[in-house]
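Below is one structure; the comments refer to it alone.
The values are calculated or read from the model by the stated rules, or taken from the named source; none is laboratory data. In this text, all values refer to a predicted model and were calculated from it rather than measured experimentally. Neighbour counts are summed over all protein chains in view; Cβ atoms, including those assigned to glycine, are modelled from backbone coordinates with ideal geometry.
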Amino acid sequence: MKLMPIYERMAELRIIQKRRKLTDTERLELDHCLDVNADHCLRLAQLYNLSLMASMTEDKEWQHELCQEIERYGGGLPSSG
């Protein structure tokens, strides 16, 4: 899976933050990156839950569609905690 540019920037800002205080602009940018990450994780969680529902109702077509969308989002098998 290719790393999204937003994750590269988030890592870069974190490294900078460990060396010095972030500027206001950098802090806003990091907040934006964190928001995008949270939205991405939430959407994947929703897709995994829908996929479980499709499996439980034995709706193979719907589950296949959901798995394709999960792959487009860069998800794989959900972790078991």
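Listed values, structure above:
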quantity: Near pairs, Cβ below 8 angstrom, 6+ apart or cross-chain, from region 4-16 (under 12 Å from L34 (Cβ atoms)) to any residue that is of a type in the set (D, E, K, R) and assigned to a helix (DSSP H, G or I); calculated: R9/E29; L13/E26; L13/E29
quantity: Per-region count, region 25-73, residues aliphatic (A, V, I, L, M) and under 11 Å from the mean Cα position of the chain (by Cα); calculated: 7
quantity: Residue within region 21-31 that is in contact with a Lys or Arg (Cβ under 8 Å, 6 or more places away or on another chain), surrounded by 10 or more Cβ atoms within 10 Å (Cβ to Cβ), modelled with pLDDT of 95 or more and at negative phi present; calculated: yes
quantity: Subset of region 32-51 that is free of Cβ contacts under 8 Å to residues at least 24 places away in the same chain and touching a Leu at 6+ places or on another chain (Cβ under 7 Å) - its residue that is surrounded by the most Cβ atoms within 10 Å (Cβ to Cβ); calculated: S51
